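I have placed the structure first, in the form of structure tokens, so that the comments after it can refer back to it.
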Amino acid sequence: MPEKPLSSQDDLSSKMGTEFVIRFSRLLKGATIYDRNNVVMDQYAQECLQTINHVVKSEDSLFFKIVRDNCFLNNVKIQVRVDNYAIFKGFVNELKKRWIGEIEFSEMATTEHLKDFVFLISGLEENNESNYLYAEKQLGYRGIPHIHVAKLEFFKDEEIYVDSEDQKRRSKDVYFKSINLVKEVMDGIKNQRMVNIRKAKRLMQNAVNAIIQDDSALLGLTNIKNYDEYTFNHSVNVAIYAIAIGQRIGLPKKHLSHLGMAGIFHDIGKTSVPKEILNKTGKLNAEEWEVIRSHPVIGTEMVMRMKEWGELSTRMITGTFEHHLRFDLSGYPKLTRKKRISLFGRIITVADFYDALGRPRVYNRFPYVSEKILGLMMERAGKEFDPVLTKVFVNMIGVFPLGTLILLNTNEMGIVVQIQDETELIDRPKVNLLFYKDGQYMKGRIINLAEKDETTGEYKWSIVKTLDPNEYNINIAEYLI
Ligand SMILES: [Fe+2]
Ligand SMILES: [Fe+2]
């Protein structure tokens, strides 16, 4: 896969990251020379604050992280220009000496808080691994809960985000971390523990960055259908589809990560539905349906109880509350007053329906194939689903979605691993050929169905039909990750 150039969003993050490092390091140096009330410190703090608050305002939080010698701002690597190299090197050293690897502003800060913070960092002992604990405590004592630090992390070589970032591996990392997060959140809610919203936000920012750069890797992962842990996979898949839809209709980056959060938490009310009902193989009776139908309302109450949501709450709540309401309001819960479903609600509805029907069920081992679900959605567009969003979604998933098992005119079998960006090539994806050896199917080479034979000018391969992977005992997920 050719490397994609950085998006303009990433450029911007990188630029803001540079500004942050320059201004923050100047302030940190100032703290060793001047005292707190010196006018120079005031000026440095104000400049630094401008950058911080600008980032927090547009991206919801500022998360700075050192990985080896690289700096990241909101999970985007900061590109260091030669003329800033010395500043970066000096700043990274200062933080490393104190074992601080992460700084986060989760809300807009004030000059006083920023000054408190910078004097606190500057006063930390050198070579003390537990500095971050001390600093976190101090920030708590001083009533500054919106600034956080964390310990410098050491990465094994293969985990380093190098320049030629391995998009696939990063996506996998985001995917499985998100699954764990959903698990944690659901357990937390059951046991009335605090939910780590900051972590969720950061993960969703990661997912957004991955999708903006290249959505095929993450969309491919949504094919993992593990039916024991269905709710976890499902929630993450809905988040990924929702972000991908949001990106296609041009929502700003900040809204995209909120959309991801809304996806992650849309079914949170299901934690209150007994397993016996969720996994029941037979038909549900009226009372059982009643219990299932209560999950959007219960979920909404749960989300509302989480105080840490901040300004996220409204959009999050609508996602949870409205995802079964349907476009024409024929779904549930029943409303006493007519209203219009919010954009977030409509996006989550589309994503939720597609993923829910594609999943294997306890009583239905084989999920619907994608074509059939997309067909159903087109039929019901304008009734159950927002027609425009449905169109966007169907185009996004494509005629042959990632993970489709296909038969070629050469009699070879393959799995769709990449969809072309050009609409006219939508039926000519990249395909990983399979070959049969020692009783099982193995991965062969990847071919591009858009390739033509040079002498005849004809396409080298064409898709004859799609095949059901269950019939061939093929676990698609294994081929995609
Ligand atoms: Fe639901
Ligand atoms: Fe759902």
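The values are calculated or read from the model by the stated rules, or taken from the named source; none is laboratory data. Note that the coordinates shown come from a computational prediction; the quantities given were computed from them, not determined experimentally. Positions of Cβ are generated from backbone atoms using ideal geometry, with glycine treated the same way; all protein chains shown enter the neighbour counts. In case anyone asks, the SASA skips ligands and DNA or RNA and just uses the protein heavy atoms, side chains included. Shrake-Rupley method; radii C 1.70, N 1.55, O 1.52, S 1.80 Å.
Just give me the residues in the stretch 72-107 being of a type in the set (S, T, N, Q) and open to solvent by less than 10 Å² (accessible area, probe 1.4 Å), in sequence order.
Residue satisfying the conditions is Asn74 alone.
Could you say whether any residue in the stretch 457-466 is open to solvent by 80 Å² or more (accessible area, probe 1.4 Å), farther than 25 Å from Lys172 by Cα and of a type in the set (A, V, I, L, M, F, W, C)? Walk me through how you get there before you give the answer.
From the stretch 457-466, those open to solvent by 80 Å² or more (accessible area, probe 1.4 Å) are 458-460, 464-465; that's our starting set.
Filter again for farther than 25 Å from Lys172 by Cα, leaving 458-460, 464-465.
Checking the rest, the ones that are also of a type in the set (A, V, I, L, M, F, W, C) come to 464.
Taking every residue of the stretch 457-466 in turn, at least one turns out to be open to solvent by 80 Å² or more (accessible area, probe 1.4 Å), farther than 25 Å from Lys172 by Cα and of a type in the set (A, V, I, L, M, F, W, C).
Looking for something modelled with pLDDT under 95, within 16 Å of ligand 1 (Cβ to nearest atom), open to solvent by less than 30 Å² (accessible area, probe 1.4 Å) and under 27 Å from the mean Cα position of the chain (by Cα) - is there at least one such residue anywhere in the stretch 326-333?
No, the conditions are met nowhere in the stretch 326-333.
Exactly one condition in (1) modelled with pLDDT under 95; (2) crowded, with 17+ Cβ neighbours inside 10 Å; (3) in a helix (DSSP H, G or I) is not met by Gly345; state its number.
It is condition (1) that Gly345 fails.
Looking only at the stretch 420-468, which residues are modelled with pLDDT under 85 and in contact with a Lys or Arg (Cβ under 8 Å, 6 or more places away or on another chain)?
Correct list: Gln420 only.
Select from the stretch 177-198 the residues that are open to solvent by 70 Å² or more (accessible area, probe 1.4 Å) and either among the charged types (D, E, K, R) or modelled with pLDDT of 80 or more (or both) and list them in ascending order.
Across the stretch 177-198, the qualifying residues are Lys177, Asn180, Glu184, Asp187, Lys190, Arg193.
For Ser171, state whether it is hydroxyl-bearing (Ser, Thr, Tyr), modelled with pLDDT of 80 or more and in a helix (DSSP H, G or I).
So Ser171 passes the test.
Based on this model, can you work out whether Thr320 counts as farther than 21 Å from Ser216 by Cα, among the hydroxyl-bearing types (Ser, Thr, Tyr), modelled with pLDDT of 85 or more and open to solvent by less than 10 Å² (accessible area, probe 1.4 Å)?
Answer is yes for this residue.
Could you list all residues from the stretch 345-354 that are of a type outside the set (A, V, I, L, M), within 14 Å of ligand 2 (Cβ to nearest atom) and closer than 15 Å to Arg248 by Cα?
Result: no residue meets the conditions.
Among the numbered criteria (1) open to solvent by less than 40 Å² (accessible area, probe 1.4 Å); (2) closer than 30 Å to Ala217 by Cβ, which single criterion is violated by Asp69?
It is condition (1) that Asp69 fails.
Counting only residues that are within 22 Å of the chain's Cα centre (by Cα), outside any helix (DSSP H, G or I) and under 19 Å from Thr320 (Cβ atoms), how many does the stretch 236-287 have? Outline the logic, then answer.
Pass one, the stretch 236-287, residues within 22 Å of the chain's Cα centre (by Cα): 236-271.
Checking the rest, the ones that are also outside any helix (DSSP H, G or I) come to 249-252, 266-267.
Within this subset, residues satisfying the condition of being under 19 Å from Thr320 (Cβ atoms) are 251, 266-267.
Number satisfying all stated conditions: 3.
Kindly indicate whether any position in the stretch 289-307 is outside any helix (DSSP H, G or I), among the acidic types (Asp, Glu), at pLDDT 85 or above and open to solvent by 50 Å² or more (accessible area, probe 1.4 Å).
Taking every residue of the stretch 289-307 in turn, none turns out to be outside any helix (DSSP H, G or I), among the acidic types (Asp, Glu), at pLDDT 85 or above and open to solvent by 50 Å² or more (accessible area, probe 1.4 Å).
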